[in-house]
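First up is the structure itself, then whatever we jot down about it.
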Amino acid sequence: MALYDQIQEATQFIRSRWSGTPRVGIILGTGLGGLAHDIEAEAAIPYGEIPHIPQSTVKSHAGRLV
C-alpha cells in the first residue's frame, strides 16, 4: 500500500473517532508525557487502533494520540 493511501486510511479512522478540526499539534518527547494529562482532551486514541501507526515500545510512553 502506498504511503499516501496509508495516511488516508489513518486519517479516516481518526476522523471516525473525533470529528473536530485540529488547530495546534504538540509532539511530546521524553519526560513531557505528563503534559498530556494537563490538556483537556476531546479524544484519546491508542496507537494500536490507528491503522499504519506503530505502537510505542518505550515502557513509559502512553502510546496514544490525544
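Here, each number is a calculation from the coordinates, and none is a lab measurement. Not measured: the values here are computed from a predicted model. FYI the Cβ positions are ideal-geometry reconstructions off the backbone, even for glycines, and counts take in every protein chain you see.
Quick notes on this one:
- Only a single item in (1) of a type in the set (D, E, K, R); (2) in a loop (DSSP other than H, G, I, E, B); (3) surrounded by 12 or more Cβ atoms within 10 Å (Cβ to Cβ) is not met by residue 9, and it is number (2).
- Considered as a group, the residues in the range 25-54 that are aliphatic (A, V, I, L, M), part of a loop (DSSP other than H, G, I, E, B) and within 13 Å of the chain's Cα centre (by Cα) include one that is surrounded by the fewest Cβ atoms within 10 Å (Cβ to Cβ), and that residue is 27.
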